[in-house]
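A short worksheet on the structure shown next.
The values are calculated or read from the model by the stated rules, or taken from the named source; none is laboratory data. If you're wondering where the values come from, they're calculated on a predicted model, not measured in any experiment. Methodologically, a virtual Cβ is constructed for each residue, glycine included, from the backbone with ideal geometry; neighbour enumeration extends over all protein chains shown.
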Amino acid sequence: MAATGSAGMAGLGLAAVRKQLSQTLEVTALRLPVRLCNKFRMALADYSLVLPRTRVIIDDDQSVTGRRFPSPQPGEDDSDESAAGKTKLLLLAPEIDLTLAQLPEAARALVAEHKLERVPWKVVKGYELMTVQEVLDQVLPEGLVRQSAFSTIGHIAHMNLRTEVLPYKKLIGDVILDKNTHLRTVVNKVDTIDNTYRNFAMEVIAGEPNTVATVRESGCTFTFDFAKVYWNSRLATEHERLVSVFSPSDVIADMFAGVGPFALPAAKMGATVYANDLNPASAEALAANAKANHVDKKIHVSNADGRDFIRDLIARRVPFTQVAMNLPAIAPEFLDVFIHAFPRDAYPVLPRVHCYCFSTAADTSADVLARVTGVLTSAPLDYSISVVRSVAPHKDMMRISFSLPPDTVYAPAIADTSATRKRPAADLDDEAAGESSPAKKAKGLGGADA
């Protein structure tokens, strides 16, 4: 079928598109024993039906076990299925009718030799045999970029449509739902991510107006309102990768926890997790998910600014050993909270930090290291840098894992001034000038009496 690329068809609803793109094709089929399938497939290759994702030899609904055929000749299939008399149908090209007059004489003679039955057959081609992309190729106006890609969040298909295809968003969404029966809602992102709460504005373009999704990942179940929180199914591998670094003995501080893709699997493994998110909807979903996954005794949820969250843990001497910082747009900026923050006696071993960020630099690793060093004012120790995923041309999501530099993050020691606190500052000034405190006192008293 030739590409339509019709603006008129693009203005139709799904039912009309299905009807216009679907055609019933009447063809001739040859009923042949299984043992002859390969022979006739090759002999009639130039005269067989050609349709995308349509087999030229199909099962025969009227195949009768026990039907007798001549004994197989050398080179023919002598399998049990063939011996049982089962048959298949070889579909011929639409221009060949039941008389087979359109076949060359040698092909007709071969059919006659084996006394093959000719039967009419109907093949539905068009919409039902097309992918979403193929349907859009047929119905959208020429010159438009065909967008059919989407990510799946539970029952939701999430798209990021370009401006020029927005007039056709309803049809695009309907086709996606029609071709993916496990989906019930299609949403389109209409704005960039809000760095405050890490969610973005969206609109439902097809299906149910229901954005509360349930997702399974890393052995845990997550339920959340996708319109109010951040979730990215493409990060599933990275979630598992980082959690595999943790151990059951770890105490984890998750600064930007979202709905818990790091926190829940870590807690399920046995680790203790302090999980924080500034977004109230994320914190609420995180607490509910912890309870639903039976790890609420291992997860301590808070709803605070990331810096305040860390300061509170340190003030309470919570012995956290790992820090997750998954806010790639601005996470490195929050590293300043660690500078001179740790009392040495309470944290003889400093936590290891896992910080995510974006980089558009030619040398992404050097860029990430320079930015982290700049905020900490000292180079991180024992670091490793990895590319998580490419998010756009020349833009990568990165992770740097490192140990904090002690000289930068330990709080300065407080000098003991108890021996001088009882002595006035004036005494200390005179001592520096060479007079002892008793002499100063005598001199001072005398002068006062005069």
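Kindly indicate whether any position in segment 324-332 is in a helix (DSSP H, G or I), touching a helix residue (DSSP H, G or I) at 6+ places or on another chain (Cβ under 9 Å), modelled with pLDDT of 95 or more and within 22 Å of residue 231 (Cα to Cα). Yes, because at least one residue in segment 324-332 is in a helix (DSSP H, G or I), touching a helix residue (DSSP H, G or I) at 6+ places or on another chain (Cβ under 9 Å), modelled with pLDDT of 95 or more and within 22 Å of residue 231 (Cα to Cα).
Checking the structure you have, find out if any residue of segment 217-224 is outside any strand (DSSP E or B) and either under 30 Å from residue 401 (Cα atoms) or within 21 Å of the chain's Cα centre (by Cα) (or both). Please lay out each step first, then the result.
Within segment 217-224, the subset outside any strand (DSSP E or B) is 218-219.
Still in the running and either under 30 Å from residue 401 (Cα atoms) or within 21 Å of the chain's Cα centre (by Cα) (or both): 218-219.
Within segment 217-224, one or more residues are outside any strand (DSSP E or B) and either under 30 Å from residue 401 (Cα atoms) or within 21 Å of the chain's Cα centre (by Cα) (or both).
Could you list, in sequence order, the residues of segment 93-118 that are under 17 Å from residue 35 (Cα atoms) and not hydrophobic (A, V, I, L, M, F, W, C)? Let's see the steps before the verdict.
In the first step, residues of segment 93-118 are kept if they are under 17 Å from residue 35 (Cα atoms); the result is 110-117.
Result: 113, 114, 115, 117.
The listed residues are 373, 408, and the only one of them that is more than 22 Å from residue 240 (Cα to Cα), touching a His at 6+ places or on another chain (Cβ under 8 Å) and outside any strand (DSSP E or B) turns out to be 408.
Looking only at residues that are farther than 20 Å from residue 326 by Cβ and at pLDDT 95 or above in segment 379-406, which one is surrounded by the most Cβ atoms within 10 Å (Cβ to Cβ)? Reasoning before the result, please.
Going residue by residue through segment 379-406, those that are farther than 20 Å from residue 326 by Cβ are 379, 381-382, 393-394, 405-406.
Checking which are at pLDDT 95 or above leaves us with 379, 381-382, 405-406.
Details: 379: 13, 381: 12, 382: 8, 405: 18, 406: 13.
Filtering first and then ranking leaves 405.
Would you mind finding the one in 384, 365, 378 that is small (Gly, Ala, Ser), outside the structural domain of residue 197 (by TED's automatic domain parsing), part of a strand (DSSP E or B) and touching a residue at least 12 places away in the same chain (Cβ under 8 Å)? Of 384, 365, 378, the one residue that is small (Gly, Ala, Ser), outside the structural domain of residue 197 (by TED's automatic domain parsing), part of a strand (DSSP E or B) and touching a residue at least 12 places away in the same chain (Cβ under 8 Å) is 384. Taking the conditions exactly as written (part of a helix (DSSP H, G or I), of a type in the set (S, T, N, Q), at pLDDT below 95 and farther than 17 Å from residue 110 by Cα), does residue 63 satisfy them or not? When the stated conditions are applied, residue 63 does not pass them.
Condition first: more than 30 Å from residue 343 (Cα to Cα), among the aliphatic types (A, V, I, L, M) and surrounded by 15 or more Cβ atoms within 10 Å (Cβ to Cβ). Can you find one or more residues in segment 298-320 that meet it?
Start the filter on segment 298-320 by keeping residues that are more than 30 Å from residue 343 (Cα to Cα), which leaves none.
No, the conditions are met nowhere in segment 298-320.
I'm checking my understanding of the structure. Among residues of segment 250-294 that are more than 24 Å from the chain's Cα centre (by Cα) and touching a residue at least 60 places away in the same chain (Cβ under 8 Å), which one is surrounded by the fewest Cβ atoms within 10 Å (Cβ to Cβ)? Filtering first and then ranking leaves 251.
Scanning segment 115-165 for residues that are part of a loop (DSSP other than H, G, I, E, B) and touching a strand residue (DSSP E or B) at 6+ places or on another chain (Cβ under 8 Å) gives 116, 126, 147, 149, 150, 154, 155, 160, 161. Of the numbered criteria (1) assigned to a loop (DSSP other than H, G, I, E, B); (2) in contact (Cβ under 8 Å) with a residue 24 or more places away in the chain; (3) farther than 23 Å from residue 350 by Cα, the one residue 181 fails is (2). Pairing residues of segment 217-240 that are free of Cβ contacts under 8 Å to residues at least 40 places away in the same chain and of a type in the set (S, T, N, Q) with residues that are part of a strand (DSSP E or B) and surrounded by fewer than 19 Cβ atoms within 10 Å (Cβ to Cβ), at Cβ distances under 9 Å and at least 6 apart in sequence or on separate chains, gives 237/389.
To keep it simple, each residue is scored yes or no on (1) among the β-branched types (Val, Ile, Thr); (2) closer than 30 Å to residue 166 by Cα.
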{"residue": "220", "(1), (2)": "no, no"}
{"residue": "235", "(1), (2)": "no, yes"}
{"residue": "245", "(1), (2)": "yes, no"}
{"residue": "251", "(1), (2)": "yes, no"}
{"residue": "270", "(1), (2)": "no, no"}
{"residue": "278", "(1), (2)": "no, no"}
{"residue": "281", "(1), (2)": "no, yes"}
{"residue": "285", "(1), (2)": "no, no"}
